[in-house]
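Inspection log for the structure reproduced underneath, given as C-alpha cells.
None of the figures in this text is laboratory data; all of them are computed from the coordinates on show. In this text, all values refer to a predicted model and were calculated from it rather than measured experimentally. Note: ideal-geometry Cβ built from the backbone for every residue, glycine included; neighbour counts use all protein chains shown.
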There are 2 protein chains.
Amino acid sequence: MPASPSRWSRAWQENLVAFELPEALTLAKQMNAELAGKTIEHVHLADECAGLIRQGFVNLQQVNLAGTTIRSVTSKGKWVYIRLEPDWYFLLALESGGKVLYHPSQESVVKFHVKLDFSDGSCLTVRIVGWGFAKAVKESELEAQRYPGKLGLSPVDEKEFSYQNFCAVLEQGGNKIVKYVLMEQTKITGIGNGYLQDILFRAKLHPKRKVADLSKTERKTLYNAIRKTLNEAVRRGGSEFEVDLYDQPGRYKRLVGEHMKGKPCPACGTAIEKLSVLGGSVYVCPSCQK
Amino acid sequence: MPASPSRWSRAWQENLVAFELPEALTLAKQMNAELAGKTIEHVHLADECAGLIRQGFVNLQQVNLAGTTIRSVTSKGKWVYIRLEPDWYFLLALESGGKVLYHPSQESVVKFHVKLDFSDGSCLTVRIVGWGFAKAVKESELEAQRYPGKLGLSPVDEKEFSYQNFCAVLEQGGNKIVKYVLMEQTKITGIGNGYLQDILFRAKLHPKRKVADLSKTERKTLYNAIRKTLNEAVRRGGSEFEVDLYDQPGRYKRLVGEHMKGKPCPACGTAIEKLSVLGGSVYVCPSCQK
DNA sequence: AGTTGCAACAGGGA
DNA sequence: CTCCCTGTTGCAAC
C-alpha cells in the first residue's frame with residue numbers, strides 16, 4: 001500500500017520528494033523503451049479517482065483510450081507525454097510524490113488511481129499526488145494546456161540552453177530573485193525546489209539574490225551549476241528519494257535539504273540553515289551562499 | 001537661522017521629527033490667535049521654490065492671494081487650513097520637518113519657501129520639506145484634494161472618536177496589522193509614525209498584531225492609549241522635537257524612539273529594540289509589547 | 001506545488 | 001520621517 005496522505009505531506013515537509021526534470025526524463029526514457037508499441041486494452045479508474053476527476057486532475061472518464069497504441073513517450077521539464085495512436089496525448093504531471101509503475105503482469109499491482117491494461121497482459125499504474133494530473137488531450141489541444149503550452153528552455157538541451165540564452169533569461173528577470181527566475185517554468189523548465197537548492201549551493205548563491213545584481217562571474221558559475229547538477233542527476237537516474245518505472249530509487253544524492261539541516265556544510269563546515277523563500281524551504285550554507 | 005539641512009536629515013534618521021496631529025493642532029491654534037484678521041499684502045516665493053512648483057507642491061504662482069484676509073486657521077489630522085476671505089483655502093502639509101514661523105517684523109526672517117507679508121508689517125514664513133505642500137484652492141475644490149477630502153475620525157474629538165466608532169474602524173481593518181490601521185489617515189486621522197510608537201508602547205501591543213486578533217481588553221487599552229497619548233501631546237504643545245509658530249519646541253517627551261534604542265524599557269528594563277514595519281522604524285519593548 | 005487574492009516589503013523620488 | 005507609485009515577495013485558502 002502506498003504512503004498515506006499524512007506521510008506524503010511529511011515527505012513534502014522534509015523537502016526530499018520532488019519530481020523534476022531528471023526524474024521525468026528518466027521515467028520517459030524507460031517508458032519509451034518498455035511501452036512503445038503496446039496497445040491499451042482497458043483503462044481502469046480506481047474509486048479513489050473521484051476527487052481527482054472532480055478537480056479536473058484526471059479526465060479519463062470522458063475519453064476512451066482503449067484500443068489506442070503507445071507510439072512514444074517523451075518528457076519536457078517536469079512533465080511526461082505519452083503519444084498515442086491515433087491522435088491522443090496522455091499527459092502526466094507527477095509533481096511531488098506521484099508514481100508511475102510498470103507491471104509485467106497484474107501480480108505486482110498495488111494501489112493506483114489509473115491503470116492501463118495492455119493487450120499483452122502487462123500494465124501501467126499511475127498514482128497522482130498533490131496537484132499532479134493525468135489527462136488525455138488531442139494534439140490540437142496540446143498548446144492550450146498550461147503545460148506543455150508555455151514552457152521555457154530545457155536546461156539539459158545543449159543547443160537550447162546556451163550561455164547566451166541563459167543570460168537573456170536573466171535579463172528578463174528584472175528585479176526578481178534568483179530562485180524565482182530559475183523556477184519560473186516558462187523561462188527555464190524543469191527545475192523545482194529540490195534541485196534548485198543544490199544548484200544554488202553549487203553556485204554559492206543566496207536564493208534571494210536579485211538576478212540583476214549577479215556579476216558576470218556569478219552568472220557563469222550559476223549557468224555551470226545548473227548544467228552540472230541536472231546532467232549529473234539525469235546520468236544517475238534521478239534523485240535517491242524518487243523511484244523509477246521499476247520502483248527503483250535514483251542514485252543522485254542531494255547536496256542540501258532537510259536531511260542536512262544543522263549538519264556541517266561539506267565545503268566550509270558551517271551549519272546548514274533553513275530559509276523560507278517564495279513559499280518554500282531552501283536549505284543553504286549561510287557562509288558559502290552570498 | 002533655521003536648522004541646516006544636515007540637522008534636518010539627522011533629525012529624520014533619529015526618527016524624532018514628525019508633524020502629526022498635536023503639532024498641527026498647536027500650530028493652527030496659535031496661527032488662528034495671531035493671524036486672524038490680517039490682510040496679505042504680498043506673497044513672496046523664494047527662488048528655491050522652483051522645484052516645489054514644478055512638482056505641484058506649491059501653486060502660489062498661479063494664484064494671487066494678495067489682498068485677501070485671514071479669517072481663521074484650523075487643523076484636521078496632520079494638516080493645517082488657512083481660511084481666506086474671499087473664498088480661498090490655503091492648505092499646509094508640514095509632514096516631517098516643515099516649518100511655519102511668525103515674524104512680528106521682517107527682522108527675524110530667515111530662509112523660507114513662501115512668505116506672506118501682512119499689511120501691518122508682520123509676516124509668516126513657510127518652509128516645505130520632503131513631500132509637504134503649500135497650496136491655495138477654492139472652497140469648491142477642497143473636497144477633491146486628497147487631504148482634507150477623505151480623512152477619518154479625529155482621535156481628539158470626544159464625540160467623533162467614541163469607543164464604538166473606534167471599534168468599527170478596527171472591524172473594517174480586516175486582516176491588517178495594527179500599525180496600518182492606526183496610520184491609515186482615511187480611517188483615523190493624525191497619527192504618524194512617531195506617536196504610533198508611544199501609543200503601541202502604552203497599549204503594550206506589537207505593531208504587527210492583526211487588528212482582528214485583538215481581544216476586547218486590548219481594544220479598550222489601545223483606545224485609551226490613543227486618547228491619552230494624543231491629548232497629553234496636545235496639552236503639552238506637541239513633541240519636544242518640533243517647534244511651534246514662535247520657533248519654540250513642544251513639551252511632550254517621546255516614550256520610545258531612536259533615542260531609546262538599546263536603553264532599558266521604563267516598565268520592565270528590557271532593552272528597547274528597533275523593528276522595521278510598513279516601511280518605517282518602530283521602537284518597541286520586546287518583552288512588554290506582544 | 002498550482003492559483004488566487006490580500007497584505008507587507010522595497011525602492012525611488014525631494 | 002513624510003507621501004505616493006509600482007513591482008515583488010509572503011502567506012493562507014482552495
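Is the shape of region B:163-284 best called rounded, prolate or oblate, per the rule: a/c under 1.5 gives rounded, else a/b larger than b/c gives prolate, else oblate, with a ≥ b ≥ c the square roots of the Cα gyration tensor eigenvalues? List each step's numbers first, then the result.
Values: a/c = 1.78, a/b = 1.28, b/c = 1.39.
Oblate.
Please state the relative contact order of region B:5-149 as a whole percent: Cα pairs under 8 Å, 6+ residues apart?
On the way: 282 pairs, mean separation 38.4, N = 145.
26 percent.
Which FRET efficiency value, to the nearest 0.05, is calculated for residue A:143 and residue B:281 with the Förster distance at 41 angstrom and r the Cβ-Cβ distance?
Values: r = 51 Å, r/R0 = 1.24.
Calculated value: 0.20.
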Quiz item: Could you give the nm distance between label points at residue B:251 and residue B:167, where each point is 7 Å from its Cα heading toward the beta carbon?
Solution: 3.7
Quiz item: Listed here are the pairs A:150/A:228; A:179/B:208; A:179/B:179; A:150/A:187; which of them are more than 20 Å apart at the Cα?
Solution: A:150/A:228; A:179/B:208; A:179/B:179
Quiz item: Distance from the Cα centre of region B:206-279 to that of region A:106-165, in angstrom?
Solution: 59
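Please get the size of the charge dipole for the protein assembly as shown, origin at its Cα centre, with Cβ charges of +1 on Lys and Arg and -1 on Asp and Glu, quoted in debye to the nearest 20. Don't skip to the end; give the middle numbers.
Numbers: 80 positive and 62 negative charges, 303 e Å.
My answer is approximately 1460 debye.
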Quiz item: For label points placed 7 Å from Cα toward Cβ, what is the shortest-first list of nm distances from residue B:47 to its copies?
Solution: 9.0
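Using only alpha carbon pairs under 8 Å that are at least six residues apart, calculate the relative contact order of chain B and give it in whole percent. Could you put the intermediate results ahead of the total?
Working: 583 pairs, mean separation 54.0, N = 290.
It comes to 19 percent, rounded to a whole number.
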Quiz item: Between residue B:50 and residue B:63, what is the label-to-label distance in nm when each label sits 7 Å out along the Cα-to-Cβ direction?
Solution: 2.4
Quiz prompt | Loop-located chymotrypsin sites (Phe, Trp or Tyr not before Pro) in region B:77-139, at most 16 other Cβ atoms within 10 Å (DSSP) | solution = B:131
Quiz prompt | Kyte-Doolittle at least -1.0, axis length at least 18 Å by Cα - qualifying DSSP helices, chain B | solution = B:21-35
Quiz item: So, by mean Cβ neighbours within 10 angstrom, what's the order for A:157-165, A:218-226, B:34-42 with the highest one leading?
Solution: A:218-226, B:34-42, A:157-165
Practice problem: Would you be so kind as to identify which of A:181, A:192, A:231 lies farthest towards the positive end of the dipole of region A:159-245, taking Lys and Arg as +1 and Asp and Glu as -1 on Cβ and the Cα centre as origin? | Solution: A:181
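Please give me, ordered by residue number, the GluC sites (Glu not before Pro) of region B:235-286 that lie in loop per DSSP and have at most 16 other Cβ atoms within 10 Å. Please list the in-between numbers first.
On the way: sites: B:240, B:242, B:258, B:273; in loops: B:240, B:242.
Answer in residue order: B:240.
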Quiz item: Between residue B:36 and residue B:271, what length comes free when the chain is fully extended (0.36 nm per residue of separation minus the Cα-Cα distance, one decimal in nm)?
Solution: 79.8 nm
